[in-house]
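The block underneath contains the structure these notes are about, expressed in structure tokens.
The values are calculated or read from the model by the stated rules, or taken from the named source; none is laboratory data. In this text the structure is predicted, and so the values were computed from the model without any measurement. So basically every Cβ, Gly included, is an ideal-geometry build from the backbone, and we count neighbours across all protein chains shown.
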Amino acid sequence: MTRPAVPAPLLQMVLRVEQDIFLVRQRGREVAAAVGLEHQDQVRLATALSEVARDLLHTVDGADVTFVLDRDVLTGRSVLRVDLAPARPLPDGRYQPQSGAVARLVDMLGVVTDGSDTVVRMSRRVPAQAEPLTPERLAQLRTELASSAPGTALDELAAQNAQLISALDEVRSQRDELEVLNSELQETNRGVMALYNQLTEELEETNRGVVALYAELDEKSAQLRAASESKSRFLANVSHELRAPVTAIIGLSRLLADSASDPLTAEQARQVGLIRSSAADLLGLVNELLDLAKAESGRLEPNWAEVDLRGLFGQLRGTLRALATRPAVELVVEEPPAPATVRSEEVLLAQVLRNLLHNGLKFTERGQVRLRAERRGDLWSLSVTDTGAGIPPELHERIFEEFYQVPGTTRVGGTGLGLPYARRLVTLLGGTLELASEPGRGSTFTVVLPVGGA
Ligand code: ADP
């Protein structure tokens, strides 16, 4: 095996007395500068070298010092290597610098054994941007270093002082920079805190606004509730007060027309008849208003009981037959499937279905009006289907508003209060009232109720 060519040393010197320590230090710096180490690294290497030199002088009476420009086997980069071959064998073959910080001044510091030779070696990488050293330049360096006269200890002390001053200077400027950075950091911190405080304040402000808004909303809805309650109370009172005089008018007009009273002329009899039928209409309206007002005021409490749908349907079949006066319209009340019970209030439920059937009969010229009960799981679906004119989709919700009547249907009479009342009652019974209808294809009103009640 051939050993790699050993590079020729740049400089060799001996270390035997105290004075040599200064020389080694001084020459070390010169060599470091010559191969292109940066100023800081020159000082680092020189310092490490003088420390190691002092240690070796004291423990093994000195060393032979060799400076070599070598090549790192791993990176291929140039390194400045200093080998200190001790004058006597190292104790235990080992070397430990007095100061632990020394090793950090260079890239590598340690004992290297090559065959029978043992040296203390230190090395430092030459920066990549340093001027490459040609063999000619190396030769020239060697000559220069060999011929340059070494300075005195005093010179080296002065140089060392200058280095110390520049190092202190650098430390100070670094400290100044750090202070500037610190104060900038504090400034930024203050900015962040101010922003945070501002945001928190804005958030609190917004929160207060939202809270105030909610309070206002609560107040408004309480006012609305109160207004709606007083409207219902007013309606209930007025219609109640109207009922007695209207009933009296009907009674009196009946008396006037009675055969036991003085006979009326034909014209008088016609007019009394008009008074009576107008009063009857008025009574109907007053009664419906009273019902609706009662349902809306929340004073209507269902009397919950098991309602037998078969019984209820039978009753409706009987009472509504009298209303189905058109021969072209058939009223069909289907028999509900057993077991036909629902937890509800019979009177209110009958009112709803009667109302829907009555509407069906009113608005159907020919065909059929059909009441059917279907059980779907926990729900009863009670539907009234007719083959009447139907209702345009855009009016499906409007017809549930008070007093609304589809234009053109008023001639058949009514108040526009039946459906809103029916929906109120169904809601009270825990169900829903929905409409499916297409103009020209009839309508289906469906009451959906929970089997077990609300
Ligand atoms: P009323 O029947 O006293 O007019 P409702 O509230 O019961 O009042 O009905 C409101 C309006 O809805 C009716 O005037 C009518 O225009 C329409 N309507 C209700 N039921 C039907 C139906 N089965 N077919 C067609 N239109 C209907």
Note on segment 258-283: residues surrounded by 15 or more Cβ atoms within 10 Å (Cβ to Cβ) and not aliphatic (A, V, I, L, M) are R276
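Considering only strands (runs of 3 or more DSSP E) fully contained in segment 363-454, which possess at least 2 residues that are of a type outside the set (G, A, S), touching a Gly at 6+ places or on another chain (Cβ under 7 Å) and touching a residue at least 12 places away in the same chain (Cβ under 8 Å)? Explain how you work it out, then say what you get.
Working: elements: 367-376, 379-386, 432-437, 443-450.
Counting at least 2 such residues, we get 379-386, 443-450.
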Of the residues in segment 232-252 that are among the polar types (S, T, N, Q) and farther than 14 Å from L283 by Cα, the one that is modelled with the highest pLDDT is N237
Here the residues within segment 384-405 that are under 47 Å from the mean Cα position of the chain (by Cα) and near the ligand (Cβ under 7 Å from one of its atoms) are I391, I399, Y404
Can we say L133 is touching a strand residue (DSSP E or B) at 6+ places or on another chain (Cβ under 7 Å), in contact (Cβ under 8 Å) with a residue 60 or more places away in the chain, surrounded by 10 or more Cβ atoms within 10 Å (Cβ to Cβ) and part of a helix (DSSP H, G or I)? no
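When you look at Q351, is it modelled with pLDDT under 95, outside any loop (DSSP other than H, G, I, E, B), under 23 Å from A322 (Cα atoms) and of a type outside the set (D, E, K, R), yes or no?
On the way: modelled with pLDDT under 95: yes; outside any loop (DSSP other than H, G, I, E, B): yes; under 23 Å from A322 (Cα atoms): yes; of a type outside the set (D, E, K, R): yes.
The answer is yes for Q351.
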With the condition kept exactly as written, say whether any residue in segment 420-428 is away from the ligand (no atom under 11 Å from the Cβ), crowded, with 18+ Cβ neighbours inside 10 Å and of a type in the set (V, I, T). yes
Take T415 and decide whether it is more than 23 Å from E306 (Cα to Cα), buried (at least 16 other Cβ atoms within 10 Å of the Cβ) and modelled with pLDDT under 90. yes
* To do: Tell me, please, whether a residue that is under 17 Å from T432 (Cα atoms), of a type in the set (K, R) and either under 49 Å from the mean Cα position of the chain (by Cα) or surrounded by fewer than 16 Cβ atoms within 10 Å (Cβ to Cβ) (or both) can be found in segment 295-318.
  => no
If you go through E179, E156, E184, the only one that is touching a Phe, Trp or Tyr at 6+ places or on another chain (Cβ under 8 Å) and either without any contact (Cβ under 8 Å) to a residue 40 or more places away in the chain or surrounded by 10 or more Cβ atoms within 10 Å (Cβ to Cβ) (or both) is E156
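Here is a yes/no grid of residues against (1) within 15 Å of the ligand (Cβ to nearest atom); (2) within 50 Å of the chain's Cα centre (by Cα):
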position	(1), (2)
E335	no, no
T341	no, yes
D378	no, yes
S381	no, yes
G408	yes, no
Is it true that Q198 is within 30 Å of A46 (Cα to Cα) and assigned to a helix (DSSP H, G or I)? no
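Give the residue that is farthest from the ligand (Cβ to nearest atom), with candidates limited to residues of segment 429-454 that are on the phi > 0 side of the Ramachandran plot and buried (at least 16 other Cβ atoms within 10 Å of the Cβ). Walk me through it before giving the result.
Applying the first criterion (on the phi > 0 side of the Ramachandran plot) to segment 429-454 yields 430, 440, 442, 453.
Still in the list and also buried (at least 16 other Cβ atoms within 10 Å of the Cβ): 430, 442, 453.
Working: G430: 22, G442: 8, G453: 25 Å.
Only one residue fits best here, namely G453.
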